[in-house]
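Worksheet for the structure shown next.
The values are calculated or read from the model by the stated rules, or taken from the named source; none is laboratory data. Computed from a predicted model, the values in this text were never measured in an experiment. Because the Cβ atoms are built from the backbone with ideal geometry, glycine has one as well, and the counts that use them run over all protein chains shown. Heads up: the accessible areas ignore ligands, DNA and RNA and are worked out on the full protein's heavy atoms, side chains in. Shrake-Rupley method; radii C 1.70, N 1.55, O 1.52, S 1.80 Å.
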Amino acid sequence: MRATSQTDMKNAVIGNNKQKANLIVLGAVPRLLYLLQQSSSSLELRTECAVVLGSLAMGTENNIKSLVDCHIIPALLQGWDTRLLCPDLIFIEACLRCLRTVFISPVTPVQLLYTDPTLIPHLMSLLSRSQRTQEYITQIFSHCCKTPEHQTVLFNHGAIQNIAPLLISSSYKVRMQALKCFSVLAYENTQVSTTLVNVLVDGELLSQVFVRMMQRDQPIEMQLTAAKCLTYMCRAGAIRTDDSCIVLKTLPCLVRMCSKEHLLEERVEGAETLAYLMEPDVELQRIASTTDHLVAMLADYFKYPSSVSAITDIKRLDHDLKHAHELRQAAFKLYASLGSNDEDIRKKITETENMMDRIVSGLSESSIKVRLAAVRCLHSLSRSVQQLRTSFHDHAVWKPLMKLLQNAPDEVLVMASSTLCNLLLEFSPSKEPILESGVIELLCSLTQSDSPPLRVNGIWALMNMAFQAEQKVKLEIVRCLGTEQLFRLLSDPDTNVLMKTLGLLRNLLSTRPHIDQIMSSHGKPIMQAVTLILEGEHSIEVKEQTLCILANIADGNTAKDLIMTNDDMLQKIKYYMGHSNVKLQLASTFCVSNLIWNEEDGSQERQDKLREMGFVDMLHKLTHSSDHNLSDRAKTAMQQYLA
């Protein structure tokens, strides 16, 4: 095949997807790859082959699949292996352009960049050849860096020192692709981020180069990507949240991106990056909430694009109508981040026009991402006692939340059940109607989930529900959960699940009639569980909570007999009275105090038994404790013997 016929082929396929597909069907790809790899082919012919392959790659996703199936990536690399014989720049650029087009396609597995260990060093060595090689290679890296493992491979191959000088290239495309590389390398990566902080580019710190790239006179894409780099470095702990480059430069730049003069995708990216930046930092949340009327500005995200939008470009309008849900998702995310700590900001958010209605409708949107963002926003606002008592009640938020809990992916369920936990707190007016809606069955089923966060939330919600609840509610929880499941939860490997289950048990076993009723029907398995925990390898917090449950049982009229007739349990209580941890000493002393309280039937017999077992000596010792709470509690117990 001559170079002229290759040129004819190239001219036929440029801009013509049908012709590209025809050529692929006719088996042109293996032939082109064969010629590309032959050292006997002329340089001109091999370059033309690379150009035609690059053109085929610019077609449909099916074209790319065909090219990848024909092993185009190793073939292009092999073409380079002759680079020592022919280090021709035009040929190398043509191969790289094709490789770039293949790699940035969504149908190409990014892992292909990492399977051949020679590929990344090859690409690194070609970075210095020309601006085109720099642009194509950095684009491949930024697109194919998807996991912490990818970040590590690129980092270990010298990505930072090789790419940093490109940030001051005279080519905008090169600067931009280098910047994108740093944003994907730094994302949630402490090693990369702490290295970047100390990098100098032409005598200037990298963070200052990023700050210059955020200036208003730079293209929006550059401002946004530079802001992402600094955001990721900050979140990875490499830059302090109160650093001026964050407070005075990055945050205002991201707020600016949220204004309506920007394109939809810029507003989405700006809002989502800003939400991520300030998520863990209340001070940044306060600063952002008072910058450029951000809270009100976000309300525009729900009105766009409207029928009166000033968009003359029909294509753009069509695009924006299809992607308007992304704006709503971004706004919910940013509101969630803004309101996660500060009461005044939450108030500001809920008072923004129709905000609660928007959240409620967001909970039933068709887009799963919008539903998740809306429930995340609701969860953030539900941390406010004031909002639970007012706007949450006024808008009956619990109804769509319950509907969402009936059928949703785990990610949504975790956030929705977390929110429900807050709605079930004793001061929440939503607690009663939620109870009446038959929520107990639903929560008990969550405790059986394979997902630890769902088990935690199911049991947490039940714990909140049982707090100061009526006896019928408590009995319904016990009936629905069942002693077998309660026992399983008390031996759950996840400490959070165990702690919340103990919290539930403690709330169920409060007020005497309730304690006696529950212990009369479920006393044996509960006492077994308490024994196992006190004997097991558990944290101080777990054992303290368990001893508090025992103290509640000791407060019952008839329930306390389950402790008094169990010498093994009494010895355990005595052991914890002499423990080195004050919290455990306090809880066990409180338990003894309840057992020997004077005004109750049978107190004399109980006091005598405990005296015989050496409890009085132990109490006497504790009255001299250096911890005031413990010595006071021991003295109170001792007074029962003197009365």
*Would you mind counting up the charge near residue 533? Only other residues with Cβ under 13 Å from its Cβ, with Lys and Arg at +1 and Asp and Glu at -1.*
-2
*In deg cm²/dmol and to the nearest 500, what is the mean residue ellipticity at 222 nm of the chain if only DSSP H runs of at least 4 residues count, each as -39500 (n - 2.57), divided by the residue total?*
-21000 deg cm²/dmol
*Using alpha carbons only, how many degrees (0 to 90, rounded to 10) separate the axis of helix 220-235 from the longest principal axis of the chain?*
40 degrees
*If you take the beta carbon distance between residue 60 and residue 146 as r and set R0 to 25 Å, what does 1/(1 + (r/R0)^6) give as a FRET efficiency, to the nearest 0.05?*
0.60
*On average over all directions, what projected area in square nanometres does the chain have, based on the convex hull of its Cα atoms?*
36.9 nm²
_Could you tell me the calculated FRET efficiency between residue 496 and residue 188, based on Cβ-Cβ distance and R0 = 30 angstrom, to the nearest 0.05?_
0.85
*Roughly how many whole Å is it from the C-alpha centroid of the stretch 612-627 to that of the stretch 316-364?*
59 Å
*At residue 171 and residue 317, where each label point lies 7 Å from the Cα along Cα→Cβ, what is the point-to-point distance in nanometres?*
3.9 nm
*Please give the net charge around residue 523, taking every other residue with its beta carbon less than 10 angstrom from that of residue 523, where Lys and Arg add +1 and Asp and Glu add -1.*
-1
*With the dipole of the stretch 358-420 worked out from charges on the C-beta (+1 for Lys and Arg, -1 for Asp and Glu) around the Cα centre, which of 377, 391, 416 lies farthest toward the positive end?*
391
*Enter the angle in degrees (range 0 to 90, nearest 10) between the Cα long axis of helix 131-144 and the first principal axis of the Cα atoms of the chain, meaning the one along which they spread out most.*
30 degrees
_Given a Förster distance of 51 Å, report the FRET efficiency between residue 403 and residue 613 from their Cβ-Cβ distance, rounded to the nearest 0.05._
0.35
*Roughly how many Å² is the accessible area per residue of the stretch 509-642, as a whole number, for a 1.4 Å probe?*
47 Å²
*Please list 318-331, 628-641 highest first by mean number of surrounding beta-carbon atoms within 10 Å per residue.*
318-331, 628-641
*Sorted from largest down, give the three principal axis spans of the alpha carbons of the stretch 509-642, whole angstrom values.*
40, 36, 25
